[in-house]
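Input: a single structure, listed below in structure tokens.
The values are calculated or read from the model by the stated rules, or taken from the named source; none is laboratory data. Predicted, not measured: the structure shown is a model, and the values here were computed from it. Here the Cβ positions follow ideal geometry from the backbone for every residue, glycine too, while neighbour counts run over all protein chains shown. Remember, those area values only see protein heavy atoms, side chains included, never the ligands or the DNA or RNA. Shrake-Rupley method; radii C 1.70, N 1.55, O 1.52, S 1.80 Å.
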Amino acid sequence: MNTEKKRRGVRPFGRKGMEGPTRLSTRAYLAVIVVLAAALVFSLLAAITFGNADISIKEVYGVVAYELFHVERLSEFAQGPVHDVVWIIRFPRVLMGLAVGMGLSVCGVVMQAVVKNPLADPYVLGVSSGASLGATLAILFGAGALFGRNFVGVMAFLGAVAVSFAVLFISHAGGPSNAGKLILAGMAMSSVCSAFSSFALYLAHNKDALSEVMFWTMGSLASAKWSNVPVVLAIMTAGTALFWTQFRNLNLMLLGDETSVTLGTDMHKVRGKYMILSSLMVGFAVYAAGTIGFVGLIIPHAVRMVFGADHKRLIPLCALIGGIFLIWADVCCRVILRNSELPIGILVSMIGAPCFIYLMIRHAYGFGGGQS
């Protein structure tokens, strides 16, 4: 078996397979983290200078400097149209891009380990379809209105969690859950949620609501506000940190349930907990930005192919790169069309789908940096 894998250029599972194509020293890894952190800071500061509004760089950073440091000589930027565009519209949007990109990338990593399938992501497992169904019912029929003005996002969150529990329940039916049953259950629930969403759209006769649903399902960061950015950013950061502490269990999942049991860890219970926590993060991502596909699929692939599958390193790298990627994707959405905005879900799918097809054709996917 190993001889055949070597002949095909496939790196087998195990510690060596997790190190990637070329083992990265600790010093080199830390250097990469520092470079990515610097790139993230640069992206945050540079992204706020882009947009349809014609605002000079001096004005942009004048507003930011005044708001962050309250420099008295910059008080001219304390209010007015320029201040509102930069501080109330652009800056929260950039931070939301960081939070959502980080969360979706990390959830993609975790879900791929949970089902032991490098082609899994929140959309394959039905979590995002559940969130979209919840949002669709809220927009079209006012479901969940008792939750207040953010009821659409709350319903999206509840939809993601409900589908996650349903997937876990179905995967445990008829015997212990395993990776294959989770994928099949996720695909089934995704189809069910999509069918009910389509049925709800067919029944609705409100053109404004239909337009809002379409905009929601295509994804956008336009709803980012200072009232919701801190909450989403805190949840995504906490979830990422928590999953980072679980890197040993995530590595064990790649070795299979039988191996993990012999090492003293029952992956059945752990797998369920990780699915629920991932669903919570995806629910908040959909609540904040609608449906954005392929981030949780492509970013983990790209990082794993270069740096290997050891989750101790993979999770921080994916969090940083995912945040940077979505920030610049949103910048492109704001500047591609003059006096208009391209939904970010469309742009990311335009990038992600060809990459996904390429990986499938070349078989350039796996957990050890080699092909699978």
In the range 141-168, how many are in a helix (DSSP H, G or I), open to solvent by 30 Å² or more (accessible area, probe 1.4 Å) and touching a residue at least 12 places away in the same chain (Cβ under 8 Å)? 8
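Among the residues of the range 317-339, write down those that are over 13 Å from residue 36 (Cβ atoms) and open to solvent by less than 50 Å² (accessible area, probe 1.4 Å). Step through it out loud before you land on a result.
At the first step, the residues of the range 317-339 found to be over 13 Å from residue 36 (Cβ atoms) are 326, 328-339.
Listed by number, the residues that qualify are 326, 329, 330, 331, 333, 334.
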Within the range 64-77, identify whether any single residue is of a type in the set (A, V, I, L, M, F, W, C), farther than 21 Å from residue 339 by Cβ, open to solvent by 30 Å² or more (accessible area, probe 1.4 Å) and assigned to a loop (DSSP other than H, G, I, E, B), and answer yes or no. yes
Among the residues of the range 213-239, the number that are open to solvent by less than 10 Å² (accessible area, probe 1.4 Å) and part of a helix (DSSP H, G or I) is 5
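Find the helices (runs of 4 or more DSSP H) located wholly in the range 1-63 whose residues include 1 or more that are open to solvent by less than 60 Å² (accessible area, probe 1.4 Å) and at pLDDT 90 or above, and list them.
26-47
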Exactly one of 198, 171, 191, 132 is in contact with a Lys or Arg (Cβ under 6 Å, 6 or more places away or on another chain) and either part of a helix (DSSP H, G or I) or touching a residue at least 40 places away in the same chain (Cβ under 8 Å) (or both), and that one is 171
Can you work out which of the residues in the range 272-306 that are buried (at least 23 other Cβ atoms within 10 Å of the Cβ) and aromatic (Phe, Trp, Tyr) is nearest to residue 100 (Cα to Cα)? 284
Here the residues within the range 109-121 that are closer than 12 Å to residue 274 by Cα and of a type outside the set (A, V, I, L, M, F, W, C) are 112
Can residue 114 be described as open to solvent by 60 Å² or more (accessible area, probe 1.4 Å), in contact with a helix residue (DSSP H, G or I) (Cβ under 9 Å, 6 or more places away or on another chain) and not aromatic (Phe, Trp, Tyr)? no
Some residue of the range 271-279 being over 16 Å from the mean Cα position of the chain (by Cα) and either on the phi > 0 side of the Ramachandran plot or modelled with pLDDT of 85 or more (or both): yes
